[in-house]
Amino acid sequence: MTDKVIVASDLGIKFNRNRRRDARIRELLFRGKATHIAKDEFWALRHVTFDVEEGESVGLVGANGHGKSTLLRLIAGVMLPDEGRVKVTQGVAPLIEITGGFIGDLTARENIHLVSGLHGLSKKAIAERFDEIVEFAEVGDFLDTPFRHFSSGMKVKLAFSVVTSIDEPIVLVDEVLAVGDRRFREKCYDRMQEMLSGGKTLFFVSHSDTQLRQYCKRGLYLRYGELVQDGPIDDVLETYGEDSGVPAPRAADPSVT
């Protein structure tokens with residue numbers, strides 16, 4: 001029997017339209033409890049229940065602003081739910097806001113060691129993977145350049161290379177494969193396929209039907225923060241396309257999912 005590695009139960013999170021989310025976290029930490037809900041708060045996600053088994057590849061579908069990235073952040077543990085719970089039983093490699101852990105005044109070399117270490121890699125493991133990380137990111141000529149001087153594309157390349165080199169069994173991906181030129185995107189696709197072939201669990205957000213079918217067998221459809229469909233990725237994309245007014249064509253080759 002396959003183990004469940006992500007279990008979301010009646011998950012919900014709310015935001016204040018005029019205040020940042022971290023204000024509620026500050027209240028929780030320093031006052032011991034959150035204050036009452038203001039009238040201008042809204043539920044970004046509510047009543048979301050699902051589970052993911054080890055080795056599954058799940059595509060998260062929905063329009064912008066309907067809760068996809070918020071759900072990934074809850075799974076990653078960088079946000080706290082206001083109701084329900086999400087249980088994650090294995091380590092997570094979050095390819096969401098992936099440059100967030102990098103420090104601008106540190107060099108690329110220093111950031112590789114810092115971020116890899118934060119993800120639990122030993123100094124020996126970092127040394128063993130260092131050259132591969134640098135080669136994949138194509139930053140060999142800029143190793144001793146402060147990260148803040150990198151272009152936005154170079155920053156994401158380095159971050160993608162570092163995060164995908166770690167050993168976490170669950171990978172969360174939020175539109176990151178749009179980075180770089182066509183050749184680099186192909187490298188990203190190949191790296192994703194390697195991770196899936198290695199048995200990793202994938203939770204993938206994309207607006208590309210082609211990518212979703214390529215990497216995912218199952219889909220979750222979020223609409224206005226609620227989970228309205230959980231099923232085969234083709235069925236989910238078809239429903240989403242109909243709701244959007246643009247029917248999504250099914251894959252011609254049923255082996256491409």
Which of the residues that make up the range 196-223 are surrounded by 20 or more Cβ atoms within 10 Å (Cβ to Cβ) and hydrophobic (A, V, I, L, M, F, W, C)? Leu202, Phe203, Phe204, Val205, Leu212, Cys216, Leu220, Leu222
Taking first residues from the range 143-156 that are free of Cβ contacts under 8 Å to residues at least 60 places away in the same chain and open to solvent by 50 Å² or more (accessible area, probe 1.4 Å) and second residues anywhere that are assigned to a loop (DSSP other than H, G, I, E, B) and β-branched (Val, Ile, Thr), the pairs with Cβ under 6 Å that are 6 or more apart or on different chains are Lys155/Thr99
Subset of the range 166-175 that is open to solvent by 20 Å² or more (accessible area, probe 1.4 Å) and assigned to a loop (DSSP other than H, G, I, E, B) - its residue that is nearest to Glu135 (Cα to Cα): Asp167
Could you tell me whether Gly219 is small (Gly, Ala, Ser) and farther than 17 Å from Gly100 by Cβ? yes
Could you check how many residues of the range 83-103 are outside any loop (DSSP other than H, G, I, E, B) and small (Gly, Ala, Ser)? 2
Could you tell me which numbered condition Leu80 fails, if it satisfies all but one of (1) under 30 Å from Ala8 (Cβ atoms); (2) not in a loop (DSSP other than H, G, I, E, B)? (2)
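Matching residues to (1) free of Cβ contacts under 8 Å to residues at least 12 places away in the same chain; (2) on the phi > 0 side of the Ramachandran plot; (3) touching a Pro at 6+ places or on another chain (Cβ under 6 Å):
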position	(1), (2), (3)
Glu135	yes, no, no
Glu138	no, yes, no
Arg183	yes, no, no
Met192	no, no, no
Leu196	no, no, no
Asp209	no, no, no
For the structure I just gave you, tell me whether Lys123 is open to solvent by 50 Å² or more (accessible area, probe 1.4 Å), among the basic types (Lys, Arg) and touching a helix residue (DSSP H, G or I) at 6+ places or on another chain (Cβ under 8 Å). yes
For the range 45-62, give me each residue that is farther than 20 Å from Leu202 by Cα and either surrounded by fewer than 22 Cβ atoms within 10 Å (Cβ to Cβ) or among the β-branched types (Val, Ile, Thr) (or both). Arg46, His47
What residue, of Leu29, Leu71, Leu80, Leu60, is farther than 23 Å from Tyr221 by Cβ and modelled with pLDDT of 90 or more? Leu80
Breaking point among (1) touching a Ser or Thr at 6+ places or on another chain (Cβ under 6 Å); (2) open to solvent by less than 60 Å² (accessible area, probe 1.4 Å); (3) over 14 Å from Phe184 (Cβ atoms), for Phe136: (3)
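The values are calculated or read from the model by the stated rules, or taken from the named source; none is laboratory data. Because the structure is predicted, anything quoted here is derived from the model rather than measured. Backbone-built Cβ (ideal geometry, glycine too); neighbour counts: all protein chains shown. The protein model used for the area step is the full one, side chains on, heavy atoms only, and it has no ligands, DNA or RNA in it. Shrake-Rupley method; radii C 1.70, N 1.55, O 1.52, S 1.80 Å.
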